[in-house]
Amino acid sequence: MPRQPLVRHSRCSDRLSENREHPAMASPTDTLSDTATDAREQIRQLRSQVDQLMRERVNPAISDAAGRAQDIARQAQDVVTDQAEAVSGRVREMPLTSVLIAAGVGFILGRLTR
């Protein structure tokens, strides 16, 4: 009669090789490795999506906002320049009044800061 343990052993090794082929029966190390690989792939895809969103939406929005900010800054500079020129023109028209007003404002500020 042939030895039974040898046959059983070969059946056990067949079962072990079958377990490796089926993901549900994979070893914890294999499962962990597959999970890590899946996580890396998902992270890579998310990075790609974020990069695409940055290129398509965020960068143009930032450029648009920067352009509007420059326009507003130019307008504010124009207003300040116009106002400074207007005050300068008034001082030239009425120098004595301007000196008296400046002296009065200086006196008041001096009293307030004591």
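The values are calculated or read from the model by the stated rules, or taken from the named source; none is laboratory data. The model shown is predicted, which means the values in this text are computed figures rather than measured ones. Note: ideal-geometry Cβ built from the backbone for every residue, glycine included; neighbour counts use all protein chains shown.
Residues of region 88-100 that are surrounded by 10 or more Cβ atoms within 10 Å (Cβ to Cβ) and either in contact with an Asp or Glu (Cβ under 8 Å, 6 or more places away or on another chain) or not small (Gly, Ala, Ser) (or both): Arg90, Val91, Met94, Pro95, Thr97, Val99, Leu100. Of everything in region 101-114 that's exposed (fewer than 10 other Cβ atoms within 10 Å of the Cβ) and of a type outside the set (A, V, I, L, M), which residue is modelled with the lowest pLDDT? So the residue we want is Arg114.
Within the bounds of region 38-56, is there any residue that is loosely packed, with under 10 Cβ neighbours inside 10 Å, assigned to a helix (DSSP H, G or I) and of a type in the set (A, V, I, L, M)? No; the residues of region 38-56 include none that is loosely packed, with under 10 Cβ neighbours inside 10 Å, assigned to a helix (DSSP H, G or I) and of a type in the set (A, V, I, L, M).
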